[in-house]
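Presented below is the structure to which this report refers.
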Amino acid sequence: MAVIAVIDYGMGNLHSVAKALEHVAPNQQVIISGDSQRIAEADRVVLPGVGAMRDCIKAMHDAGVAELVHRISRDRPFLGVCVGMQALLEHSTENGGVDALGLFPGRVQRFENGLIDASGAPCKVPHMGWNQVEQTLDHPLWQGIDNQARFYFVHSYYARPEPRDQVAGLCTYQVPFAAAIARDSIFATQFHPEKSAADGLRLYRNFAHWDGRY
Amino acid sequence: MALAKRIIPCLDVDKGRVVKGVNFVGIRDAGDPIEVARRYNEQGADELTMLDITATHEGRETMIDTVHSIAGQVFIPLTIGGGIRTCEDIRAMLNAGADKVSINSAAVKNPAFVNEASERFGAQCIVVAIDAKQTGAGEWEIFTHGGRQPTGIDAVQWARDMEGRGAGEILLTSMDRDGVKTGFDLALTRAVADAVSIPVIASGGVGNLDHLADGVLEGHADAVLAASIFHFGEFTVPQAKQHMQGRGIEMRL
């Protein structure tokens, strides 16, 4: 039986992610684990994350997850979610500046307070709710999901959409930002597929059957 | 293309059962929160809120089981409120599968609890619920104990204070309008929504679909919460969304 490991480093929406995976992949074993050995033996790995970036990165280093992610993320399907996506970039301006794992070039920065959108309405921070994602990369994880489908976001920091060839999905809130990024066998989303109803579940189902290539 | 405004059906739950009743066509057990939650999920609700009105410890354990069951079947954001007093309460709800908790009287009693909760769990999961009553022209005061106990705290000032302490969202209920079905207190909603830079959910008073749209267009709310208009099958969530979109509001259809 194939194993999907949800990495437990003490931060994150582990249970929601695991329940969504169990729902879409009843024939695979979904484990929540902080054990490097067990995670390294899994067929697919998910890195969730919520909360402050500094705490997440520190917890990843303390748990040995940072090193593990570098080692295993490019030889099997690997999915980062929310702060689990932001952690894959080089740097975040959150908490006075935090160096992240650096698997993708670029940095994470805060939405500005007090800005307004095209219709004149204020852009509140956090960016919370359902927003549209433009699929900018033809990727197996988008299979069966309409371009411009809405996903559930909740975040105050965002990844700049560069370099373009690693951006899999774009969303606009004040500015265009990376809603999803991809390289090799890594895919990561700023939104929460586990909270995005049918389209989110479809993305997890695609992940559970993905061979890591695109 | 923009962020959609949200529709949030709200369930009052006592000892694991929906109270005030829900009366959908075709539902088998109107008191089962899992079945009701699943139904709203199928209708395309953007989030769900459940308020636990249970007073006993045993009832609370039942609520945790309920949250656990819903989270395994309903994949939209779930907020749990009612009786959240400690970080342990929050942890129990989040571990059971809630995405956010709503803090009400515990914040009034000890505002620093909001700081503590936000630092520990992240602002994204801390909703502060504000129950306000009009006390004068353009003046609203926070009340606790179901609207019986005045606190002397100004609602708009309180919302700003809660934002500063790390609330990620405000759930604003007009005690004057709750259950009256004459529409949100739009002046209150607007005063609070314009005073803070975090999202505000309007609550209390919805009797028809124009009330929902007014909450966004005139009240500047980011989301609208309603109970009875949906519970009794008067309107469905898709009807509400169509109507709001028809009035020019960005919705997830």
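The values are calculated or read from the model by the stated rules, or taken from the named source; none is laboratory data. What you see is a predicted model; the values in this text were computed from it and never measured. When we count neighbours, we look across all protein chains shown, and the Cβ atoms used for this are built from the backbone with ideal geometry, even at glycine. Just so you know, the surface numbers come from the protein's heavy atoms only, side chains and all, with ligands and any DNA or RNA stripped out. Shrake-Rupley method; radii C 1.70, N 1.55, O 1.52, S 1.80 Å.
For this structure, a couple of remarks:
- For region A:177-196, the count of residues that are at the interface with chain B (Cβ under 9 Å from one of its Cβ atoms), out of contact with any Lys or Arg (no Cβ under 9 Å at 6 or more places or on another chain) and closer than 25 Å to A:Arg76 by Cα is at least one.
- Unique residue being within 10 Å of chain B (Cβ to nearest Cβ), open to solvent by less than 10 Å² (accessible area, probe 1.4 Å), within 24 Å of B:Glu250 (Cα to Cα) and in contact (Cβ under 8 Å) with a residue 24 or more places away in the chain when the list is A:Val125, A:Val133: A:Val125
- Within this structure, A:Gly80 fails the test of being of a type in the set (Gly, Ala, Ser), more than 14 Å from chain B (Cβ to nearest Cβ) and not in a strand (DSSP E or B).
- Any chance A:Tyr158 is at the interface with chain B (Cβ under 10 Å from one of its Cβ atoms) and hydroxyl-bearing (Ser, Thr, Tyr): no
- Which listed residue is closer than 19 Å to B:Ala223 by Cβ and among the aliphatic types (A, V, I, L, M), from B:Ile53, B:Ile80: B:Ile80
- Subset of region B:216-228 [part of a helix (DSSP H, G or I) and surrounded by fewer than 21 Cβ atoms within 10 Å (Cβ to Cβ)]: B:Leu217, B:Ser228
- Tally, over region B:186-195, of residues that are open to solvent by less than 10 Å² (accessible area, probe 1.4 Å) and either more than 15 Å from the chain's Cα centre (by Cα) or not hydroxyl-bearing (Ser, Thr, Tyr) (or both): 3
- Of the residues making up region B:229-253, those that are surrounded by fewer than 16 Cβ atoms within 10 Å (Cβ to Cβ) and under 22 Å from B:Ala187 (Cα atoms) number 2.
- Selection count where residues are acidic (Asp, Glu) and in contact (Cβ under 8 Å) with a residue 24 or more places away in the chain, scope region B:93-150: 4
- Residue check, B:Ala4 part of a loop (DSSP other than H, G, I, E, B), modelled with pLDDT of 95 or more, farther than 22 Å from A:His23 by Cβ and within 14 Å of chain A (Cβ to nearest Cβ): yes
- One residue stands out among those in region A:93-120 that are in a loop (DSSP other than H, G, I, E, B) and closer than 18 Å to B:Ala4 by Cα: the one that is least open to solvent (accessible area, probe 1.4 Å), which is A:Phe111.
- Scanning region B:197-238 for residues that are away from chain A (no Cβ under 14 Å), over 22 Å from B:Gly168 (Cβ atoms) and in contact with a Leu (Cβ under 7 Å, 6 or more places away or on another chain) turns up B:Val206, B:Asp214, B:Phe235.
- Only listed residue being in contact with a helix residue (DSSP H, G or I) (Cβ under 7 Å, 6 or more places away or on another chain) and within 14 Å of chain B (Cβ to nearest Cβ), chosen from A:Asn113, A:Asn95, A:Asn147: A:Asn95
- Matching residues, region B:202-215, being of a type in the set (Gly, Ala, Ser) and either open to solvent by 40 Å² or more (accessible area, probe 1.4 Å) or not in a helix (DSSP H, G or I) (or both): B:Ala202, B:Ser203, B:Gly204, B:Gly205, B:Gly207
- Odd one out for B:Gly44 among (1) within 29 Å of A:Gly200 (Cβ to Cβ); (2) modelled with pLDDT under 95: (2)
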